[in-house]
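Here the structure is laid out as structure tokens; the discussion comes afterwards.
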Amino acid sequence: MSEQIEEPEQVPPRRPENGPQPRVWCWPPDDRPALYVYDGATWKYAP
């Protein structure tokens with residue numbers, strides 16, 4: 001199974017004519033997204 005993988009193209013810099021700026025945000029260190037994972041016996045916090 002030999003297939004050709006194309007070279008990635010570099011994205012040009014964002015310009016005003018390309019549309020609105022993307023929304024960017026970050027979470028505060030004490031409130032970042034996380035999961036609780038059940039390991040068969042207890043729930044573990046998994047940031």
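One table, with the values for the structure above:
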{"read-out": "37 °C / 0.692 mPa s Stokes-Einstein diffusion coefficient of the chain, Kirkwood radius on C-alpha pairs, µm²/s", "value": "201"}
{"read-out": "Student exercise, the chain dipole from Lys, Arg, Asp, Glu Cβ charges, in Debye to nearest 20", "value": "340"}
{"read-out": "Average accessible surface area per residue within the chain, 1.4 Å rolling probe, Å²", "value": "116"}
{"read-out": "GluC sites (Glu not before Pro) within segment 5-35: DSSP coil, no more than 15 neighbouring Cβ in 10 Å", "value": "E6, E9"}
{"read-out": "Neighbour cut-off at most 16 other Cβ (10 Å), DSSP loop, chymotrypsin sites (Phe, Trp or Tyr not before Pro), segment 1-44", "value": "W25"}
{"read-out": "For segment 31-47, Karplus couplings with θ = phi - 60° (6.51, -1.76, 1.60), whole Hz, Gly/Pro x", "value": "9, 7, x, 7, 10, 10, 10, 8, 9, x, 10, 9, 8, 10, 7, 10, x"}
{"read-out": "Theoretical gain in end-to-end length, E6 to L35 [0.36 nm per residue, Cα-Cα removed]", "value": "6.9 nm"}
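The values are calculated or read from the model by the stated rules, or taken from the named source; none is laboratory data. Bear in mind the structure is a predicted one, so any value in this text is a computation, not a measurement. Heads up, the Cβs are rebuilt from the backbone with ideal geometry, glycines too, and the neighbour counts pull from every protein chain shown. The protein model used for the area step is the full one, side chains on, heavy atoms only, and it has no ligands, DNA or RNA in it. Shrake-Rupley method; radii C 1.70, N 1.55, O 1.52, S 1.80 Å.
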